[in-house]
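Below is one structure, written out as structure tokens; the observations come after it.
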Amino acid sequence: MNKQIRNQIKAIALYQFIGGILGIALTVWVLLSGEMVVDQMAMRIGLFAGGLYIFSILCGRMLFRNPRRGLVLSIVNQVLQVVYFSFGTYAFQYVAGLRIGVGVDMVAGWIFKFRLALSSFHFSVGTDLGQKFIGVNLVALFLIFWIERLMEKVKE
């Protein structure tokens, strides 16, 4: 593996590691800020979010230890971040790092929206938020294509 490929893998590793750390910090801050009631469901969702952020950290760490395996896990991590949505009582959004999102809000017609976010998480089942939108995280999509190119180069 040449130095350029190693540096690209290090950049992706650091991005995932920092995104995971930031996500855990923000999740803990939200749970402890006192602005929400921390009940059993909030703790479960917080643990689920924490698990995804830990997965992001482990993906970054694996890129340093075993780049081939780390790239495969990193693809999985990024695929989980590509699509975010909210329809009726179901919503999912996971970002470990940066989200530059393009989507459609369908509440008051078809309105195209552009959204930015740093490490964020939203999961809901059974709670109607009155939102109907779907979006694509362009950063995660870009990273998937970049990681796939690196996987081809690492195999050589």
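Data overview
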quantity: Flag if Leu118 is part of a strand (DSSP E or B) and among the aliphatic types (A, V, I, L, M); calculated: yes
quantity: Candidate set: region 65-98, residues that are open to solvent by 50 Å² or more (accessible area, probe 1.4 Å) and assigned to a helix (DSSP H, G or I); chosen: the one farthest from Gln8 (Cα to Cα); calculated: Leu80
quantity: Residues being closer than 23 Å to Arg69 by Cα, open to solvent by 70 Å² or more (accessible area, probe 1.4 Å) and of a type in the set (Val, Ile, Thr) - total across region 1-41; calculated: 2
quantity: Odd one out for Gly50 among (1) farther than 12 Å from Val136 by Cα; (2) open to solvent by less than 10 Å² (accessible area, probe 1.4 Å); calculated: (2)
quantity: Hits in region 99-156 (condition: open to solvent by 80 Å² or more (accessible area, probe 1.4 Å), under 15 Å from the mean Cα position of the chain (by Cα) and either under 24 Å from Leu47 (Cβ atoms) or of a type in the set (Asp, Glu) (or both)); calculated: Leu118
quantity: Selected residue (criterion: modelled with the lowest pLDDT) from residues of region 1-55 that are polar (S, T, N, Q) and either within 12 Å of the chain's Cα centre (by Cα) or part of a helix (DSSP H, G or I) (or both); calculated: Gln40
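The values are calculated or read from the model by the stated rules, or taken from the named source; none is laboratory data. In this text, all values refer to a predicted model and were calculated from it rather than measured experimentally. A quick note on method: Cβ atoms are made from the backbone with ideal geometry, for glycine too, and the neighbour counts reach across all protein chains shown. For the accessible areas, the whole protein counts, side chains as well, though only heavy atoms, and no ligand, DNA or RNA atoms are used. Shrake-Rupley method; radii C 1.70, N 1.55, O 1.52, S 1.80 Å.
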